[in-house]
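The values are calculated or read from the model by the stated rules, or taken from the named source; none is laboratory data. Source: prediction; values computed, not measured. Cβ placement follows ideal geometry from the backbone for every residue including glycine, while neighbour counts extend to all protein chains displayed.
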Amino acid sequence: MRKAGRWCLPGGRTTRGSRPCAPMSWVLTMPARRTPRNCAWVRSVGRVSAARSWHRKPPGGSLSSWGFGVLRVLWVTTKYGLMPSEVDMRGLRKLAPGPGHMKLVDVPDPEPGPGEVKIAVQAAGICGTDLHIAHGTYASSPPVTLGHEFSGEVSAVGADVADFEIGDRVMSEPMAAYCGRCLFCDRGQMNLCSERLSYGVNVNGGFAASVVVRKGAIHRLPHNVDFVSGAMTEPLAVCVHALTERTKIDGGQLVLVLGPGPVGLLAAMLAKTHGATVVVAGTTQDQSRLDVARAVGVDLTVTVDEVDLAEQLDALSKGAGGADITIEAAGVARSVEAAFKNTRKGGTIVQLGLFDEPIALDYSPVALRELNVIGSFAQSWSSFEGALELMAQKRVNVEALVSAILPLNEWEQAFHRAEQKDGAKIILTPGKRIKAFRVKDAE
């Protein structure tokens, strides 16, 4: 590397004297046998170093000679795979606890161990949990690569993995580990295990070009489910668990969904597949998402800042006093109060939303109105299989919720849009080589 009339070599040596070079910004190893003959400064040491000022015209040097030198460096680094982006992959990481500390950084390309599978990530969804982690209001284990809604292709398998092959199209559950010994694990409720760890929260997740996961977390994508839809299997599985495993929806019931975020909209779509009459309620800030709700076929949308929700529900419930089932998917105190107010006597409230902080509310209606309050968290193996079946059968069109597909390096814009409720679902594409997302149905 030329600096003030000298070529810089690794270790600070120069071709003229022993004066050390400027600090190096990156150092890359290259076997000497692959080094081109006309680059003695590279061949002599088997590695190449680039000074921070390599792109500047050296003092006293002609523009043509400087330009040729730069082109030669670029040719070497390109031909022999020495560009920094080829050494490590990029990952979106939470670097420290508290608000912020989010950055796209170089991370090691992982390799699978025994019982593990490496996935080349093709699509990864931004979830409300990711936003909570970014704000420091959801416990995580930094430094950690975020992203727990992802799909892609198997690119490598570890020892003892016979169920999957390179090229398989898959998605992964977010559960990275569980104890396997507690009461809940014995019952198959690993989502409630106190030692549960999650990809993108405690273990490196899918906001990177590759991720390594345990083989027991992987589900194959049906032939007619593309990568974008595959990345949305996780939030749909949340709804399958809540509405078919934690409670049951029957045809003819009135279902109220509070909070038209991605999970709320998926819950509404799932309720419609069971023959329910579905009302989705939100605020004026949710207008674009309420538009999506109407587009996917819900029976009524209500802007609670402008319309009396209780009056609308009373008309639909034929005087019963509210919804049979209310799904709270907003995770704010005002929404919980609306759930208690607008669920009929003897009705059911399903709590799906997570809160940034503790809330205060009057709990007496639970007894006075005999309300059933059910919590639902994460998913089970069966809920993932149910979600994939719903998508394969085209009963739930998850892609109708996708409002933007952006590359990983535009994550700040993507997170901002998600924060501002600009559309329903934002998908990131972390892979270096993005394949076609849409897959034609096989007849």
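Points worth noting:
- Enumeration of residues in the stretch 361-381 that are loosely packed, with under 13 Cβ neighbours inside 10 Å and either within 31 Å of the chain's Cα centre (by Cα) or within 30 Å of Met171 (Cα to Cα) (or both): Gly375
- Condition met for Asp324 (in contact with a Lys or Arg (Cβ under 7 Å, 6 or more places away or on another chain), more than 24 Å from Leu401 (Cα to Cα) and acidic (Asp, Glu)): yes
- With respect to the conditions (1) of a type in the set (D, E, K, R); (2) part of a loop (DSSP other than H, G, I, E, B); (3) outside the structural domain of Ala124 (by TED's automatic domain parsing), Glu195 falls short on a single one, namely (3).
- Considering the conditions (1) under 30 Å from the mean Cα position of the chain (by Cα); (2) in a loop (DSSP other than H, G, I, E, B), Lys318 is excluded by exactly one of them, (1).
- Listed by first and then second residue, the pairs linking a residue in the stretch 406-418 that is without any contact (Cβ under 8 Å) to a residue 24 or more places away in the chain to a residue that is exposed (fewer than 15 other Cβ atoms within 10 Å of the Cβ) and of a type in the set (S, T, N, Q), with Cβ atoms under 8 Å apart and 6 or more places separating them unless they lie on different chains, are Leu406/Gln413.
Per-residue answers, yes or no, for (1) closer than 19 Å to Val402 by Cα; (2) assigned to a helix (DSSP H, G or I); (3) β-branched (Val, Ile, Thr):
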| residue | (1), (2), (3) |
| --- | --- |
| Glu234 | yes, yes, no |
| Val238 | yes, yes, yes |
| Thr244 | no, yes, yes |
| Ile249 | no, no, yes |
| Gly252 | no, no, no |
| Leu256 | no, no, no |
| Val263 | yes, yes, yes |
| Leu266 | yes, yes, no |
| Ala271 | no, yes, no |
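- Cβ pairs under 9 Å, 6+ apart, first in the stretch 234-254 and within 13 Å of Leu265 (Cα to Cα), second basic (Lys, Arg): Pro235/Lys425
For (1) closer than 23 Å to Asp422 by Cα; (2) at pLDDT 95 or above; (3) surrounded by fewer than 18 Cβ atoms within 10 Å (Cβ to Cβ); (4) out of contact with any helix residue (DSSP H, G or I) (no Cβ under 8 Å at 6 or more places or on another chain), each residue gets a yes or a no:
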position	(1), (2), (3), (4)
Pro99	yes, yes, yes, no
Pro114	no, yes, yes, yes
Gln122	yes, yes, no, no
Ile126	yes, yes, no, no
Asp130	yes, yes, no, no
Val144	no, yes, no, yes
His148	yes, yes, no, no
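- Qualifying residue in the stretch 351-365 (condition: in contact with an Asp or Glu (Cβ under 7 Å, 6 or more places away or on another chain), part of a strand (DSSP E or B) and modelled with pLDDT of 95 or more): yes
- Residues satisfying the stated conditions in the stretch 199-215, i.e. surrounded by fewer than 23 Cβ atoms within 10 Å (Cβ to Cβ), in a strand (DSSP E or B) and in contact with a Gly (Cβ under 8 Å, 6 or more places away or on another chain): Val212, Arg214
- Exactly one residue among Phe384, Phe340, Phe415 is aromatic (Phe, Trp, Tyr), in the same structural domain as Val255 (by TED's automatic domain parsing) and surrounded by 16 or more Cβ atoms within 10 Å (Cβ to Cβ), and that residue is Phe340.
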